[in-house]
1. Out of (1) outside any loop (DSSP other than H, G, I, E, B); (2) away from ligand 1 (no atom under 16 Å from the Cβ); (3) closer than 28 Å to residue A:36 by Cβ, what's the single condition that is false for residue B:238?
2. Can you tell me which residue is surrounded by the fewest Cβ atoms within 10 Å (Cβ to Cβ) among those in the stretch B:176-215 that are within 8 Å of chain A (Cβ to nearest Cβ) and hydrophobic (A, V, I, L, M, F, W, C)?
3. Give me the residue from the stretch A:274-283 that is part of a strand (DSSP E or B) and either facing chain B (nearest Cβ under 7 Å) or more than 23 Å from residue B:150 (Cβ to Cβ) (or both) and, out of that set, modelled with the lowest pLDDT.
4. On the given criteria, is residue A:16 buried (at least 20 other Cβ atoms within 10 Å of the Cβ) and not in a loop (DSSP other than H, G, I, E, B)?
5. Just one of B:109, B:71, B:99, B:33 is open to solvent by 10 Å² or more (accessible area, probe 1.4 Å) and within 14 Å of another protein chain (Cβ to nearest Cβ); which is it?
6. Please state which one of A:208, A:196, A:154 is away from ligand 2 (no atom under 16 Å from the Cβ), closer than 16 Å to residue A:5 by Cβ, touching a residue at least 12 places away in the same chain (Cβ under 8 Å) and buried (at least 23 other Cβ atoms within 10 Å of the Cβ).
7. Based on this model, can you work out whether residue A:261 counts as outside the structural domain of residue A:338 (by TED's automatic domain parsing), open to solvent by less than 40 Å² (accessible area, probe 1.4 Å) and not hydroxyl-bearing (Ser, Thr, Tyr)?
8. Please give the strands (runs of 3 or more DSSP E) falling wholly within the stretch A:44-135 in which 1 or more residues are crowded, with 23+ Cβ neighbours inside 10 Å.
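The values are calculated or read from the model by the stated rules, or taken from the named source; none is laboratory data. Note that the structure is a prediction, hence the values are computed from the model and not measured. Here Cβ is always computed from backbone atoms with ideal geometry, including for glycine, and neighbour counts include all displayed protein chains. SASA here: full protein model, heavy atoms, side chains in, ligands and nucleic acids out. Shrake-Rupley method; radii C 1.70, N 1.55, O 1.52, S 1.80 Å.
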Amino acid sequence: MQTEVVLLQRLHLDLLLSQLQAAGYQTVGPVVRDQAIVYDRIQSTADLPMGIGDIQGKGSYRLRSRDDAALFGYVVGPQAWKKYLYPPRQLLMRAEQNSRGLQITAPDQEVPKYAMIGVRGCELKAIQIQDRVFLEGPYSDDFYRERREQIFILAVNCTEPGNTCFCVSMEAGPAAGPGYDLAITEMLETAEPCYLARAGSAKGAELLKHCNPSHAPATLLEKENALWTAAAAQMGRSLNPEQASAALKSGYESTHWKDVGERCLSCSNCTLVCPTCFCSGVQEVTDLAGTSSERWREWDSCFSLNFTLTAGRPIRQSPGARYRQWISHKLAFWQDQFDQSGCVGCGRCITWCPVGIDLTSEIEALNALQTKT
Amino acid sequence: MKPKLAVWKFASCDGCQLSLLDCEDELLMVAEALEIAHFPEASRAVVAGPYDISLVEGSITTPHDLERIEAIRAQSTWVISIGACATAGGIQALRNFQAVEDFMRMVYARPEYIQTLSQSTAISEHIKVDFELRGCPINKNQLLELINALLNRRKPHLPSESVCHECKLRGTVCVMVSQGIPCLGPVTHAGCGAICPAYQRGCYGCFGPSDSPHPAALSQAFKSLGVSEAELVRLYRGFNSNAPAFREESLQHE
Ligand code: SF4
Ligand code: SF4
Ligand code: SF4
């Protein structure tokens, strides 16, 4: 495997995109839509958010224009890549009652082949966390697997973290860890950005070869390193995972949950934007005659009252109990369940909470209460 | 024998019952599965009760309504109230915040001929209701799902969580976070498919409060977006102004 660093220009990125398309990939990446950067189909680098950045804070997100031609000069937006691997609605099976009895059939759907362009370090780690959830253990999810096996990941190392980011605390960035096919760093040295690229898989190396790239000069590599160091020092937030886990495990009865419950809307935005949250509900959709039915899986959330419906009643009735469930699973019990944290520090739950509830501040507050008593 | 369906109207605009006629493609299937026994908006032919399913549209606003709704309950197996009027009192429940006599004097030359109640109220405040289908107007797919579930004796899939949930599943960018537009989505019952945010507007709360609404916390966030107290009152006083969670919150800002 090639670990050599090469230098690419924007035209090479276009070449990569057209090669991926020729190989049957649907290329998806960042685009500007409805005042935010979302992931959607892209054809060429002309579709990317050139010169667009963003300003994020608790419950707030605004696009801004940059004074350069960066294609990847933004911080992660409202959508996570999970929408491609684990779509919001998925048909699981069909059943039909006919003269031969009850026939059950698997949905006959083409498995999309995605090339994900612009996956950040935190996002790559989030995909790996979901891999663990969906693929490991005795029950793996074939729908996820089929999509996952086919994806191509072009990662972008992060050089400008946002105000709600804390990937360094969660060891998920700013540079992308292993698991990508290709990774690039955008260098804004000159008017036209250039890109340092590394292959992370045979597929990635093969693709790079076609670009006929030149070696990256040592001076640029040093600058890249300096950018990462600077990015790591610029994190808008931080969290100590061990301390958080301990505080949550001992703070189960804390009065703090009532306080959060007074602010939290139970709207479930935090879970739905989180790149690792994976809960779903399953519904049967019958026809009027009751002879055929479809089984659908849909994203659900631990903030829904009906999520814990047991014997006709929800178990976690208060908003505080539901928030406690979410943050405790994410930062404490995930560790017991999957040997890693359920958080990658992407900051989405902080930015996209309409009332700006910030899990890092909640941990701080919980800690403060515990040290006081 | 096919189950008999009846559609009843109280104080309302007819929009909800028209959703049934709006089913177009599915209407024939509905008519095959059910006997449409009483539906004046669609047919003059009326089959006498009792009825298996009674869809009730509109709110209770007159003494006569009170008698009619009792009679409907008595001859129906399932009573389902449909729409914001029937489930919360509707836009006409704005009268509940004022003295109805004042309105009568302003509108009618001879107010003494008018017989009306001081409040516009939901059907469930007067009789036992088996299911409430929300919305102003109701969503026809939800109506079909409900009829479908009843016919197949299963639980309907009609989520009661927030509109935010639908917004995110649809991939809409949150207008409150990205543009600072006040949006009732976080406290509003799902069901419309999060239409307004998809068109860059805040949710108007047409489906009434969600299953665990928390408008006080939302109002705080609205205030930091610069929404005045008077605007807060107006936000909660839409089609579902008399739904308890919205009513209480609007009173806080009066
Ligand atoms: S919990 Fe929040 S910061 Fe952590 S991964 Fe999920 S959305 Fe990102
Ligand atoms: S923490 Fe924020 S986003 Fe999450 S449910 Fe509560 S109010 Fe909604
Ligand atoms: S736009 Fe409104 S409904 Fe949609 S997520 Fe934001 S607050 Fe919720």
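1. (1)
2. If we take residues in the stretch B:176-215 being within 8 Å of chain A (Cβ to nearest Cβ) and hydrophobic (A, V, I, L, M, F, W, C), then B:177 is surrounded by the fewest Cβ atoms within 10 Å (Cβ to Cβ).
3. Among those residues, the one meeting the criterion is A:283.
4. Values: buried (at least 20 other Cβ atoms within 10 Å of the Cβ): yes; not in a loop (DSSP other than H, G, I, E, B): yes.
Yes, satisfied.
5. Matching residue, one of B:109, B:71, B:99, B:33: B:33.
6. A:154
7. Criteria not met by residue A:261.
8. The strands (runs of 3 or more DSSP E) meeting that bar are A:52-57, A:60-65, A:114-119.
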